[in-house]
Structure formats: structure tokens, C-alpha cells
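Notes follow the structure.
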């Protein structure tokens, strides 16, 4: 049984992709604590992908506009 | 010459001087023979005395002659008919109380009195000095003749008796108060079923007389939630929906019932395994089937168990001086016969176990079993919160540390699944063990299985396990955007549940980690790029089992 930390408070049990809350009354969390006491370490939380820096053209494309349409909109 | 043929008065032939000697000799011989025959035929004095003695046969001197007997019968030639006619006036035995019945009917020690009246001319009303509540409580005679109850009446207070008609002057009227009933409430346990005739106690008679203040039924709740077991009739099977499983330890077989085992693949389990007819009144059962002829070794243990939440069992006060007894009841069927075992266990401060045994005498026959659980006054007690309260275990085979203890006795000597020597179901290939109608309740008498609606039972199960549908969808304008929905559980769960996803479709997004609580969770995604992003039709499994 292996676990992985998440960006949130829950712990991911990798075998069945179950998210385990840090509730002392949760038996899965109790099992996780016992697993830790045995000297095990969870895998680190995945690093979130950085939000890409968009170019002006990409921003316009996301908005559904072209450069020409933008110029026309502002009377340029 | 003719013979002088004269005889005596009794016709004995006489001799005569004029007869020839030879003729007289013959006549004398005949006479002597006749006399001898007569004497022989008659009783002697001794014989007559004996016959008289026999006739008297020890009768008392006052009644040892026919005359004395006749006088005793009143010189009545029709004595038998006279007596028969008098007997015909008496009540039939079936219409009167025997002494034992009378003793039971009338309160011992109550007032008894005899009242005698000498009637005046045509008197019919008599004032009683001791009240008689009702007619059966009195014996009335007129000149010694017992009067039927139809021949007199009593007033409301029982102090005035009125005969149906006036009696002549000098008539002796006797009223015997037999000891009046209803002299207060009868003592405990004196009113038995035979004393309550059918229909004798009506609701109308009870109304206003008995205030129904009942503190409990069988030492437990008056109504509802008597059964501390959830899904005791095995109806709810959210995980497997009736499919067979070969469980790992801790795996649930139907809702709230899980497997415990030390060796894998020794038995399978399934709701309604084998498709036999459940006991009357039930539609489902949990069946376990042995997959091999496994020989127990080491500390092997195999069982089916349910853990009762502390909130639902703490009122039994186990581990205190106020501990209440309980009773476990269930229907069980097996292809094996013999003495089976199980145990009740608590784990608050230490493991305390009460092993139990039960017998299945006939193979493949449903057997109703009740197990008394003595008040656990000196055990470690049960948790009174949302953690483990009581374990109810049905052994399928245990040995070593898993077997031991004395049936019916609480012990902390070991965590026994079942007593030593009880049946090992896993020891016989193909052996079956079916169970349903499991009920654990307060008190010492098992009551009929508590019926709950399907919706109620499902909701009880959902406190520990439930499946919820969830969807989130949005049009992202860029990558890395986050969208979320809040999803509430159908039932508030025992603890913050573990969340997993079993199905659904995800597009252009990543399912973020859940943030559950006992009442629901946030369903959240992050977009990969601009455009339609979703995680839809997801079946979210929330588990908060004990």
C-alpha cells in the first residue's frame, strides 16, 4: 500500500485512487497513520503545472478575436 | 295279600303288622333313604348361623335387621325414585365451582358472614349487615333450600337482598357472605392466564382503570431501534448488488457485514448464495461457501462480522454497574451440523470478548438461534461516540489465538472469534453457512425481528457507505482555471469519508483532490486549456466504515 500527498488536505491511496481525509475517526486515515508509524513515507504531492504565460495573440484567440477585428473594434 | 300302603305326613313309607316282613323291610329302607335325603338337603344349625352372619356382614347393630333398614329408608317403598327426584333438583357439577376454583375465585381472608332472618308474613326484602358485592359472592337458603341466583337480587351497595317473592311468616332465610371478591388488587403473579377468560378484559374495562405507563419493553426501547444491528436481514448490498465475492480481510460482503480472514481464498460470500428459500418473513440472507477443505493452523481465524457504532450501543452501559443484559438472535443454516461459535467483543479500553455457541442439528435447515449476553458489568465498556462500540462475529473456523474462552462468559484473556472446538466451515470443501435476521437488543428475551422500511435501512447503511453522482462542467477561457460544485451526501456520514471515483468522463481537465466532510464534498477540476472542460457523470464512492 502506498500513498501520495495532494495539494489539498486529503491523502491519495494510490492503489484505488481513493482520497483519504485527515479525520482520526476515518479508518483509512487510521491505517495511513499506522503505515507512517512503520517508517513509510508518502510520495510528495504532484507539482501543479504552471499556468502558461499567454501571448497577446493567444489571449485574443481565447477570446475569439483576431487582430483585425480588434483594430476594427477600436476604429484603428 | 295287599300291602298296607300308609305313609307319614312327609310321605315316608310305614311298616305294618299286616304286611309281609320282606315288604316292610323294603318300605322301611325306602323311608330311611327318603329321610336321609331330606336331612342331607337341609342346612345344619351351624350352616344357618354362618349364613346369617354373612348376611349381616358386620353391619352396625342398629341396621342389622330388615326392619331397621326399612325404618332407615323411611319405610318408603319408592325410596330410590324419591332420591332420584331430589337429585334432579341439584345443580350439575359442570355449573358450579369446585372448592379449588372457589378458593381461587374468592380472596382469602376477606370478610365472611352468616346472616339469619326469620321472615314476617310475605316478607321479601332483607337488609344485610355485611355487604355482598355480587350474587356469586353469596349463598342464600330459604328454609334450608339453596336458592338459585335467579330467585333473588341485590341492590347496588350489596346491603339489601330481595327474594323474587314473599315468604310465609316464620320462614328461615339465611344469607352466607362467602367472602367478597375485589378486596383490592390481587398479588403479583396470582392472576394467571386461565383466570382470564376470553373477552373478560375489554379495552373499555381497562380505560380509566389502568394508565399505560410502561417504562420499557423487554428492558429496551418501547418502540423503534430495538435492533442495534444494521442490515440484519441482508437486504442492502450497495457494493456487490448480489454478486459473489472472494473477499480480502475487511472487505464488505453486503452492507455493514464484512469478512475477517487470515488466509485468502478460503471462502466466498454472496447475498442469497445458493438460492435457497430464506426463512419465513425474509427475502435475503448472506451466504458463505467454503472453497476448499482447509486445515486450520497457527492463529487462523475466519469470520463474518459487524461492528456496531458506539453511539448506537452505549445505552447498554456495559462496563458499568448499570450494565444491561442483551440477547442476540438470528436465523442460520449450514450444510454442516454440530456446535458452531461466534463472539461479542468490545475494545474501548481493552479487548473484552464473550464467546458463544449454538447448535445446528439438521443440515440445510434454517434454525432460529438466540444467545443470551449477560450484563457486562465488569468489562472495559463500549465507546459512546462514533467509533467502534461492539463487534458481533460469526465464526467460520478459528484456532490458536482466535479460538478460546467459555461460552457465555466475558473475558479479557484473548480476542477470541469463537470457542475452541466449534465447527470450522472452511474445513469442508463446499460447506455452506447462511445467515439472516440478525438482531441484537437489550433485555433477556429475544423479540421478533424488527422490521424497517427499505429506505430506512438504506439510510442507516449510507451513514457508512454511499455512492453519489457528481458533475462539474464549464467553458474555460484558459488553462489552469478551476471549476467546482458542492455535493451533499444523502445521509450525514459517521466520519469524514474516504472518497473515490468509480466512473464518469473527464475532458480537458484534471480532477483535483477532494475536500470531503461528513456531509459532502467539493467536486473540483482544473482546465488544461481554453474550451469545454468537465468531469461529468462521476460516481463518487464515500466510505466511512468502522
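The values are calculated or read from the model by the stated rules, or taken from the named source; none is laboratory data. Because the structure is predicted, anything quoted here is derived from the model rather than measured. Every residue, glycine as well, gets a Cβ built from its backbone with ideal geometry; the counts of neighbours run over all protein chains shown.
In the stretch B:471-499, what residues are away from chain A (no Cβ under 13 Å) and either more than 27 Å from residue B:456 (Cα to Cα) or outside any loop (DSSP other than H, G, I, E, B) (or both)? Answer for the stretch B:471-499, where residues must be away from chain A (no Cβ under 13 Å) and either more than 27 Å from residue B:456 (Cα to Cα) or outside any loop (DSSP other than H, G, I, E, B) (or both): B:471, B:472, B:473, B:474, B:483, B:485, B:486, B:487, B:488.
Would a scan of the stretch B:121-138 turn up a residue that is modelled with pLDDT under 90 and in a strand (DSSP E or B)? Yes, the conditions are met somewhere in the stretch B:121-138.
Quick check on residue A:69: is it more than 10 Å from chain B (Cβ to nearest Cβ) and either under 30 Å from residue B:477 (Cβ atoms) or touching a helix residue (DSSP H, G or I) at 6+ places or on another chain (Cβ under 7 Å) (or both)? Criteria met by residue A:69. Looking across A:23, A:28, one residue alone is surrounded by 14 or more Cβ atoms within 10 Å (Cβ to Cβ), modelled with pLDDT of 85 or more and in contact with a helix residue (DSSP H, G or I) (Cβ under 6 Å, 6 or more places away or on another chain). It is A:23.
Among the listed residues B:364, B:386, identify the single one that is at pLDDT 95 or above, within 14 Å of chain A (Cβ to nearest Cβ) and in a loop (DSSP other than H, G, I, E, B). Spell out the reasoning first.
On the way: B:364 fails: within 14 Å of chain A (Cβ to nearest Cβ).
Of the residues listed, the single one that is at pLDDT 95 or above, within 14 Å of chain A (Cβ to nearest Cβ) and in a loop (DSSP other than H, G, I, E, B) is B:386.
Here is the figure for the stretch A:1-16: residues that are within 9 Å of chain B (Cβ to nearest Cβ) and over 14 Å from the mean Cα position of the chain (by Cα) total 2. Contact map, the stretch A:22-50: first residue more than 13 Å from chain B (Cβ to nearest Cβ) and without any contact (Cβ under 8 Å) to a residue 40 or more places away in the chain, second residue surrounded by fewer than 17 Cβ atoms within 10 Å (Cβ to Cβ) and not in a helix (DSSP H, G or I), Cβ cut-off under 7 Å, separation 6 or more or different chains; pairs are A:35/A:1.
Name the residues in the stretch B:500-509 that are within 9 Å of chain A (Cβ to nearest Cβ) and at pLDDT below 90, would you? Before the answer, list the steps.
Of the residues in the stretch B:500-509, the ones within 9 Å of chain A (Cβ to nearest Cβ) are B:500-501.
The answer is B:501, and nothing else.
For the structure I just gave you, tell me whether residue A:54 is within 13 Å of chain B (Cβ to nearest Cβ) and either out of contact with any strand residue (DSSP E or B) (no Cβ under 7 Å at 6 or more places or on another chain) or without any contact (Cβ under 8 Å) to a residue 24 or more places away in the chain (or both).
On the way: within 13 Å of chain B (Cβ to nearest Cβ): yes; either out of contact with any strand residue (DSSP E or B) (no Cβ under 7 Å at 6 or more places or on another chain) or without any contact (Cβ under 8 Å) to a residue 24 or more places away in the chain (or both): yes.
For residue A:54, the condition - within 13 Å of chain B (Cβ to nearest Cβ) and either out of contact with any strand residue (DSSP E or B) (no Cβ under 7 Å at 6 or more places or on another chain) or without any contact (Cβ under 8 Å) to a residue 24 or more places away in the chain (or both) - is met.
How many of the residues in the stretch B:510-519 are away from every other protein chain (no Cβ under 12 Å) and either surrounded by 16 or more Cβ atoms within 10 Å (Cβ to Cβ) or assigned to a strand (DSSP E or B) (or both)? Don't jump to the end; show me each part of the working.
Of the stretch B:510-519, the ones away from every other protein chain (no Cβ under 12 Å) are B:519.
Adding the requirement that they be either surrounded by 16 or more Cβ atoms within 10 Å (Cβ to Cβ) or assigned to a strand (DSSP E or B) (or both) leaves none.
So the count comes out to 0.
Which strands (runs of 3 or more DSSP E) does the stretch B:213-317 wholly contain that include 2 or more residues that are more than 22 Å from residue B:328 (Cβ to Cβ)?
Details: elements: B:252-254, B:257-261, B:267-271, B:286-290, B:301-309.
Qualifying strands (runs of 3 or more DSSP E): B:267-271, B:286-290.
Residues that are surrounded by 20 or more Cβ atoms within 10 Å (Cβ to Cβ), assigned to a strand (DSSP E or B) and either in contact with a helix residue (DSSP H, G or I) (Cβ under 9 Å, 6 or more places away or on another chain) or away from chain A (no Cβ under 14 Å) (or both): does the stretch B:446-464 have at least one? For the stretch B:446-464, residues surrounded by 20 or more Cβ atoms within 10 Å (Cβ to Cβ), assigned to a strand (DSSP E or B) and either in contact with a helix residue (DSSP H, G or I) (Cβ under 9 Å, 6 or more places away or on another chain) or away from chain A (no Cβ under 14 Å) (or both): absent.
Every condition in (1) farther than 23 Å from residue B:496 by Cα; (2) away from every other protein chain (no Cβ under 11 Å); (3) out of contact with any helix residue (DSSP H, G or I) (no Cβ under 7 Å at 6 or more places or on another chain) is met by residue A:63 except one, and the failing one is (2). Hey, can you tell me all the residues within the stretch B:264-288 that are more than 19 Å from residue B:335 (Cβ to Cβ) and either touching a helix residue (DSSP H, G or I) at 6+ places or on another chain (Cβ under 8 Å) or free of Cβ contacts under 8 Å to residues at least 12 places away in the same chain (or both)? Of everything in the stretch B:264-288, just one residue is more than 19 Å from residue B:335 (Cβ to Cβ) and either touching a helix residue (DSSP H, G or I) at 6+ places or on another chain (Cβ under 8 Å) or free of Cβ contacts under 8 Å to residues at least 12 places away in the same chain (or both), namely B:280. The residues of the stretch A:52-65 that are surrounded by 12 or more Cβ atoms within 10 Å (Cβ to Cβ) and not in a helix (DSSP H, G or I), listed by number, are A:54, A:65. Looking across the stretch B:163-174, the residues that are loosely packed, with under 13 Cβ neighbours inside 10 Å and part of a strand (DSSP E or B) come down to B:164, B:165.
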